[in-house]
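The values are calculated or read from the model by the stated rules, or taken from the named source; none is laboratory data. Note that this is a predicted model, so its numbers are computed, not measured. Neighbour counts run over all protein chains shown; Cβ positions are idealised from the backbone, glycine included. Ligands, DNA and RNA are excluded from the accessible area calculation, which covers all protein heavy atoms including side chains. Shrake-Rupley method; radii C 1.70, N 1.55, O 1.52, S 1.80 Å.
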Amino acid sequence: DDGVQPQTKEAINHARSAQVPIIIALNKIDLPTANQERVKQQLADVGLVVEDYGCDTICVPVSAKDKKGIDELLVMILLVAEMANYKANPRRNPTGVVIEGRQDSQRGPTATLLVQEGTLKIGDALLVGTCAGKIRAMFDYQNKPIKRATPSAPGVVIGLNGVPQA
């Protein structure tokens, strides 16, 4: 309902600079003030013409609140990844990014990591910015213990000497 904001334009420019595919998730379609056509026109004004208008930019209307369009968005992400033949090597040394770092009252410093390459395992040494440690325990997105996190898998790790920055 807010239309294309400056931060959206900035994200579009970053994606274009990186020459990566763009998939648009039109969020908050459940609001009575939402106007999908206005947003699609604003996107066209910045050079992103959606499939509905005859071009190749995928646009999926979603509502996180009503849980509408989420499955379709995931299918579109997988389709674009498959078409671009994106692959990660699970056998190399793990690399990734920190999604969130926080101090847990029971677990101590924790970091939610997204593995991009390789496989992260319990016992691995880890360097995250200025924080370091050895992975003592790892959990999946449902807080279930896991022994390894493979490419594209998020994992919450315990064992760092501090709280890393995202």
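Please specify each residue of region 104-144 satisfying the condition of being touching a Lys or Arg at 6+ places or on another chain (Cβ under 9 Å), open to solvent by 60 Å² or more (accessible area, probe 1.4 Å) and assigned to a strand (DSSP E or B).
Residues satisfying the conditions are Lys121, Ala125.
Quick grid of which residues meet (1) open to solvent by 90 Å² or more (accessible area, probe 1.4 Å); (2) out of contact with any Asp or Glu (no Cβ under 9 Å at 6 or more places or on another chain); (3) of a type in the set (Asp, Glu):
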position	(1), (2), (3)
Leu26	no, yes, no
Gly54	no, yes, no
Ser63	no, no, no
Asp66	no, no, yes
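Could you list, in sequence order, the residues of region 58-101 that are modelled with pLDDT of 90 or more and of a type in the set (Ser, Thr, Tyr)?
Hits for region 58-101 are Ser63, Thr95.
Please go through region 1-20 and pick out each residue that is surrounded by 16 or more Cβ atoms within 10 Å (Cβ to Cβ) and not in a helix (DSSP H, G or I).
Val4
When the residues of region 148-161 are narrowed to those that are farther than 18 Å from Arg91 by Cβ and either crowded, with 16+ Cβ neighbours inside 10 Å or touching a Leu at 6+ places or on another chain (Cβ under 6 Å) (or both), which ends up modelled with the lowest pLDDT?
We begin by selecting, within region 148-161, every residue farther than 18 Å from Arg91 by Cβ; these are 154, 156-161.
So of that shortlist, the ones also either crowded, with 16+ Cβ neighbours inside 10 Å or touching a Leu at 6+ places or on another chain (Cβ under 6 Å) (or both) come out as 154, 156-160.
On the way: Pro154: 90, Val156: 96, Val157: 96, Ile158: 96, Gly159: 95, Leu160: 96.
Ranking the candidates gives Pro154 first.
Take Gly47 and decide whether it is surrounded by fewer than 17 Cβ atoms within 10 Å (Cβ to Cβ) and either modelled with pLDDT of 95 or more or closer than 27 Å to Glu10 by Cβ (or both). Walk me through it before giving the result.
Details: surrounded by fewer than 17 Cβ atoms within 10 Å (Cβ to Cβ): yes; either modelled with pLDDT of 95 or more or closer than 27 Å to Glu10 by Cβ (or both): yes.
Considered against the rule, which asks whether it is surrounded by fewer than 17 Cβ atoms within 10 Å (Cβ to Cβ) and either modelled with pLDDT of 95 or more or closer than 27 Å to Glu10 by Cβ (or both), Gly47 comes out as yes.
If we keep just the residues of region 88-101 that are part of a strand (DSSP E or B) and touching a Pro at 6+ places or on another chain (Cβ under 8 Å), which is surrounded by the fewest Cβ atoms within 10 Å (Cβ to Cβ)?
In this case the residue turns out to be Ile99.
Hey, can you tell me all the residues within region 31-43 that are in contact with a strand residue (DSSP E or B) (Cβ under 9 Å, 6 or more places away or on another chain), surrounded by 15 or more Cβ atoms within 10 Å (Cβ to Cβ) and not in a loop (DSSP other than H, G, I, E, B)?
First pass over region 31-43, keeping only residues in contact with a strand residue (DSSP E or B) (Cβ under 9 Å, 6 or more places away or on another chain): 31, 34, 36, 39-40, 43.
Cutting the leftovers down to surrounded by 15 or more Cβ atoms within 10 Å (Cβ to Cβ) gives us 34, 39-40, 43.
Hits for region 31-43 are Val39, Lys40, Leu43.
Restricting to region 100-136, what's the tally of residues that are of a type outside the set (Asp, Glu), farther than 21 Å from Ala81 by Cα and in contact with a Ser or Thr (Cβ under 9 Å, 6 or more places away or on another chain)?
Selection size over region 100-136: 4.
Which of the residues that make up region 99-110 are under 17 Å from Asn161 (Cβ atoms) and in contact with a Leu (Cβ under 6 Å, 6 or more places away or on another chain)?
Pro109
Out of (1) farther than 24 Å from Lys87 by Cα; (2) modelled with pLDDT under 95, the odd one out for Pro145 is which?
All conditions pass for Pro145, except number (2).
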